[in-house]
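Student: First the structure, then my questions, so here it is.
The values are calculated or read from the model by the stated rules, or taken from the named source; none is laboratory data. Just so we're clear, the structure is a prediction, and the values are computed from it rather than from any experiment. Note that each Cβ is placed from the backbone with ideal geometry, even for glycine, and that neighbours are counted across all protein chains shown.
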Amino acid sequence: MSLESFNIGYRSAETYETMLPPHFYGGVEDVDIVAGIMRDVYGPHVPGAAGLRILDLGCGPGRVTEVLAPYASDLHGTDKSEGMVRQFAATFPGAKATVGDTESVVAALLGSGHAGTYDVVGSFWSMSYPLLECFEETGADGVFVVGERDAGVQRAERIVDGLTRLLGENGNLVMMFFDASSAEQQLVTSLWERVAPFPGTGRDYTWRLLEEGLQGAERKGRGSLTTSRLSGVAVAADAAAARDWFLIGHLNSFPDLINDPEVVAEIDEFAARHTGADGRVFIPSGVHVVHFRAGKGPADHLPSAAE
Ligand SMILES: C[S@@+](CC[C@H](N)C(=O)[O-])C[C@H]1O[C@@H](n2cnc3c(N)ncnc32)[C@H](O)[C@@H]1O
């Protein structure tokens, strides 16, 4: 693959949707986990009863937005990739669709009177990118450190702080964030480390920044944070699909990696170890599910009073 194909899995919605294997956690697909949270908080969706202001940051083609949209009277999807936003806009013609990186989008929304205005802010498998970009930028020709580490930490903290400031009264921030400790991500990490080390504590650094930032917001009395780490599986149809998922989805078609026979051999060996009798590849996956409820405090965790 060539320089032009760098990051094609995220520039092209079609490539993304073709290569993305379904992810299941405890028998539930990732999208349905989000649907379940929406049901728990707002009840089953009643047609015509939509009324929430919903923002999906890093929305991609709108794969997860599908389960948020029925609840929305005001839907806004944002993504850095023009190709993704084009697909999002085609799927949700009534929604606002913005091309922009999450750091700038959050700052622009806060700067234009949108603090405290969203009922739901979602970000699914997308928040690690803007947080990592506070420390480094990756292009087809390499990974480049941007600025001092402390400045990067401040930028990341501002993003996370902004997420909770966008929430209105009783608003909900719902996220899915990759778990760096899964076998899948350990392989991805070791492959990327051939190019450059990760900042801070390593590949889990962006998760730590997010979690610490949201814990800080809880300490300030802005809301209540619940996180759970779920173990699961990404199911690739066969070894070739597993290879594509790693090369395009995880290694972003980065030429020096995907054209390296040792890298491809490591991926193929990993896939072979996780191949079932039917030829499908069961890639061990992990996800952090994040739910920050604005305005909730310690007393909200008491059981409901008995009748
Ligand atoms: C793994 S996809 C997830 C898409 C969608 N939320 C889903 O669950 O299918 C990650 C998305 O993040 C977007 N992205 C990457 N860096 C970004 C950034 N700095 N700001 C906004 N979006 C970004 C990519 O374009 C891509 O659409």
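Every residue, every condition in (1) away from the ligand (no atom under 13 Å from the Cβ); (2) within 19 Å of Ser104 (Cα to Cα); (3) under 14 Å from the mean Cα position of the chain (by Cα), yes or no:
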site	(1), (2), (3)
His114	yes, yes, no
Trp125	no, yes, yes
Phe144	yes, no, no
Val153	yes, yes, no
Arg158	yes, yes, no
Leu167	yes, yes, no
Asp179	yes, no, yes
Ser182	yes, no, no
Val188	no, no, no
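Student: Would you check which residues across region 250-294 are hydroxyl-bearing (Ser, Thr, Tyr) and crowded, with 20+ Cβ neighbours inside 10 Å and list them?
Tutor: Ser253, Ser285
Student: Another question, then. Quick check on region 225-234. Is at least one of its residues at pLDDT 95 or above, outside any strand (DSSP E or B) and crowded, with 18+ Cβ neighbours inside 10 Å?
Tutor: So far as region 225-234 goes, no, none of its residues is at pLDDT 95 or above, outside any strand (DSSP E or B) and crowded, with 18+ Cβ neighbours inside 10 Å.
Student: Hey, another quick one. Which of the numbered conditions does Leu131 fail, given that it passes all the others? Conditions: (1) crowded, with 17+ Cβ neighbours inside 10 Å; (2) assigned to a loop (DSSP other than H, G, I, E, B).
Tutor: (2)
Student: Follow-up. Find the helices (runs of 4 or more DSSP H) located wholly in region 44-114 whose residues include 3 or more that are farther than 30 Å from Gln154 by Cβ, and list them.
Tutor: 65-68, 82-91
Student: Please name all residue pairs, on different chains or six or more residues apart, with Cβ atoms under 7 Å, provided the first residue is in region 18-36 and is among the acidic types (Asp, Glu) and the second residue is within 10 Å of the ligand (Cβ to nearest atom).
Tutor: Short answer, once both residue conditions are applied: Glu29/His23; Asp30/His23; Asp30/Met176.
Student: Could you list all residues from region 37-71 that are more than 9 Å from the ligand (Cβ to nearest atom), under 25 Å from Glu14 (Cα atoms) and either free of Cβ contacts under 8 Å to residues at least 24 places away in the same chain or of a type in the set (Gly, Ala, Ser) (or both)?
Tutor: Within region 37-71, Ala69 is the sole residue that qualifies.
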